[in-house]
Amino acid sequence: MPSGRALDVVVVGGGLAGLAAATFTARHGLETVVIDAGNSIVRRNAHVENFPGFPAGVNPRRLLDLMTDQAEAAGATFHDGTVTIVEESDSGFAVDTDADERYHTQYVIAATKNEVAYLRSVDGVGLIDRGKTFVDTDERGRTGVDGLYAAGRLAEKPHQAIVCAGHGAEVAVTLLEDDDRPFYHDWVAPEGYFTDRGRDLPPGCEEIDAETAGEREDEANKLMRERFAERHPDEQETHPSLEE
C-alpha cells in the first residue's frame, strides 16, 4: 500500500451529508478530500421534495451535482473509490481504498448511510444494530473516538434530504470547534455591516459593496440558468434488488 499524503479531513461518502460537511471544512481552510463510490441513495429518488430553495422540487442527481460543485469551489477535492479500512495512527488515521490508495488524516467524517465495515479496526466505535447498522454518536456527530465523526443516516438522523445535509454541516462545524478554530461564520455581508460599527470581520465573513454583490448575483443566476436549462442527463437509478 502506498504511503499516501497527509490531509486534514477525509470525508467517506459523497452523499448529501458528506458534501455538506466537506463544504464547511474546506471553506475554513482544512485540506479536505471526499472519497466517494458514487452510490448515494439519493440517486434512486425520482424527485426531491421539501428541500429549501427549490419550491417545485429538484432532480436528485442535479442536487448532488450542485452540492459537489459547491464543495469543490470551497476547496475540497474528490477521489473515486470505496474505503476499505480506517485505522488509527500516530497522526490521526490511515484510510485505505479499493484503488490501493492510502490517505493520512487528522480527522475522518463517516457519511456512508449504513455501511460500517471499514470502521471495524477502530477501537471505541459504538455500533447500533436496528436491522440496519448505525454509528453511536452524540447529537453533534462525535463518536467515542477523538477525531472520528459520523454524519447523516449513519448517525441515526432521519431520511429527509435536508436533515442529512444539515447534519453534515453541523458535524463539520463541530469538528472545527473541536480543532479550536475561531467561531465560524459563513456570512457575506454588505459593505460596512461590521466595520462601520467598529467591529472586526468575524472569521469566514466577508464584506462586499453593492457592485460586487450585483456581479455575484448575476454570476449565480447565469450558473443556475445553465444548470437547469435541460433535464439531467443521467438515467433514473433504482433499488439494486429490482435490477435483473
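List of remarks:
- Counting only protein heavy atoms and a 1.4 Å probe, the stretch 188-228 has 76 square angstrom of accessible area per residue.
- Most to least accessible of Thr195, Thr133 (protein chains only, probe 1.4 Å): Thr195, Thr133
- Computed over protein heavy atoms with a 1.4 angstrom probe, the accessible surface ordering of His159, His28, largest first, is His159, His28.
- Looking at the stretch 42-127, the accessible area is 48 square angstrom per residue; that uses a 1.4 Å probe and ignores ligands, DNA and RNA.
- Highest mobility in the GNM of the chain, judged by mean-square fluctuation with C-alpha springs under 10 Å and restricted to Gly141, Gly198, Gly14, is found for Gly198.
- Label positions at Ala220 and Ala99, each projected 7 Å from the Cα along the C-beta direction, are separated by 3.2 nm.
- Percent of alpha-carbon pairs separated by more than 15 Å within the stretch 188-228: 51
- Accessible area of the stretch 7-179 belonging to carbon and sulfur atoms, whole % at 1.4 Å probe: 45
- Residue-averaged 222 nm ellipticity for the chain, from DSSP H runs of 4+ at -39500 (n - 2.57), nearest 500: -8500 deg cm²/dmol
- Förster radius 45 Å - calculated FRET efficiency between Glu235 and Asp200, Cβ distance, rounded to 0.05: 0.35
- Residues whose amide H comes within less than 5 Å of that of Glu207, counting only those at least five positions distant or on another chain, are Ala189 (H built at 1.01 Å from N in the peptide plane).
- Kyte-Doolittle mean at least 1.0 and Cα axial length at least 15 Å: DSSP H helices in the chain: 16-27, 161-178
- Computed magnitude of the charge dipole of the stretch 1-90 (debye, nearest 20; Cβ of K, R +1, Cβ of D, E -1): 420
- Among Arg197, Arg231, Arg43, the order of accessible area from largest down is Arg231, Arg197, Arg43, computed with a 1.4 Å probe on protein heavy atoms.
- With both labels modelled 7 Å from their Cα along Cα-to-Cβ, the Asp90 to Glu191 distance reads 5.3 nm.
The values are calculated or read from the model by the stated rules, or taken from the named source; none is laboratory data. For clarity, every value in this text was computed on a predicted model and none was experimentally measured. Note that each Cβ is placed from the backbone with ideal geometry, even for glycine, and that neighbours are counted across all protein chains shown. Areas reflect the complete protein model, heavy atoms only, side chains present, ligands, DNA and RNA absent. Shrake-Rupley method; radii C 1.70, N 1.55, O 1.52, S 1.80 Å.
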